[in-house]
1. Which fully enclosed strands (runs of 3 or more DSSP E) of segment 1-107 have 3 or more residues being under 21 Å from Ala212 (Cα atoms)?
2. Could you grab me the full set of residues in segment 136-165 that are touching a residue at least 24 places away in the same chain (Cβ under 8 Å), over 17 Å from Leu108 (Cβ atoms) and part of a helix (DSSP H, G or I)?
3. May I ask you to say which residue of Arg123, Arg113 is in contact with a Gly (Cβ under 7 Å, 6 or more places away or on another chain) and closer than 27 Å to Pro27 by Cβ?
4. Which ones in segment 228-245 are among the charged types (D, E, K, R) and touching a residue at least 24 places away in the same chain (Cβ under 8 Å)?
5. I want to confirm something. Restricting to segment 185-202 and keeping residues that are open to solvent by less than 40 Å² (accessible area, probe 1.4 Å) and touching a residue at least 60 places away in the same chain (Cβ under 8 Å), which single residue is farthest from Thr129 (Cα to Cα)?
6. Of the conditions (1) more than 17 Å from Ile189 (Cβ to Cβ); (2) of a type outside the set (A, V, I, L, M); (3) at pLDDT 95 or above; (4) out of contact with any Gly (no Cβ under 6 Å at 6 or more places or on another chain), Cys78 clears all except one; give me its number.
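The values are calculated or read from the model by the stated rules, or taken from the named source; none is laboratory data. Here the structure is a predicted model, which is why all the values come from computation and not from measurement. Counting neighbours? That spans all protein chains shown, and the Cβs are built from the backbone with ideal geometry, glycine included. Please note that ligands, DNA and RNA were not included when accessible areas were found on the heavy atoms of the full protein model with its side chains. Shrake-Rupley method; radii C 1.70, N 1.55, O 1.52, S 1.80 Å.
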Amino acid sequence: MLDPGRGRTKTGRLWVYARDDRPWSGPEPPAAVYFYSPDRKAERPADHLQGFRGVLQVDGYAGFERLTARGDIVLAACWAHVRRKFYDLHEATGSPIAAEALRRIAELYAVERTILGRADDARRQVRNTSTRPLLVMMKPWLETELGRVPPAGPLAEAIRYALGRWPALCRFLDDGRIELDNNPVERAIRPIALGRKNHLFAGSDGGGARWATVCSLIATAKLNNVEPYAWLKDVLQRMTEGHPVSRLDELLPWNWQPKSGKV
């Protein structure tokens, strides 16, 4: 973001929250919403989610922990982030312990592929039968290996990352709505991460907030298999032609029908 008066730029932040019920055939359409802030302080997600109640699946950012203080938000952790630490280590060193961790995590994902799109209760039952025993064996294995590796090394760090989040990593066993990872959010933020060195600068905090709004619209359209440019063009045209404000919900990506009748 431009930093007027100082002759340089500064870093702003885009936060994204996503909802995707399709893996468990849930009733709500997929959506993503982005927020801009000038920093990464823990009070930012607390402010974004002050009206939220339920399960929040997160990465390893420590600031999310304070959201649980009210008792009405439960955190689920992300196995993709656990896997990434072992994957990077294996790529760099060929560690057999990292390879074994990857194999065990792959078994969890193999079960998930068999229940994709099934109802939440059916997913929970399969997980309790097939996945819980894998995790019951994985935890003591990780604890044993932690005692065998250098405590200050990257392998110990990867193991501690998993063990320190173990209850949150296992939360999906008891709730079929929870995914193994928060990859919907990862996919939503990837275009920002890939393009941040090529994008034009946000000119101000207000520009950052408008950028977040545009990202929300485009990402939600994509999640609903709607071509973003065609949708934005059509919606803006209808609004300038007097589409009633009381019926703007008709123009949301999951309700939208173009004038041609084809999505």
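1. Numbers: elements: 13-19, 31-37, 54-57, 73-76.
Result: 13-19, 31-37.
2. Across segment 136-165, the qualifying residues are Glu145, Pro154, Leu155, Glu157.
3. On inspection, the qualifying residue turns out to be Arg123.
4. Our first condition is that a residue be among the charged types (D, E, K, R); within segment 228-245, this holds for 233-234, 238, 241.
Asp234 - this is the single residue of segment 228-245 that is among the charged types (D, E, K, R) and touching a residue at least 24 places away in the same chain (Cβ under 8 Å).
5. Residues of segment 185-202 that are open to solvent by less than 40 Å² (accessible area, probe 1.4 Å), as a first pass: 185-186, 188, 192, 195, 202.
Imposing the further condition that a residue be touching a residue at least 60 places away in the same chain (Cβ under 8 Å) reduces the set to 185-186, 188, 192, 202.
Numbers: Val185: 28, Glu186: 29, Ala188: 32, Ile192: 39, Ala202: 50 Å.
Here the answer is Ala202.
6. Here Cys78 meets the rest and fails (1).
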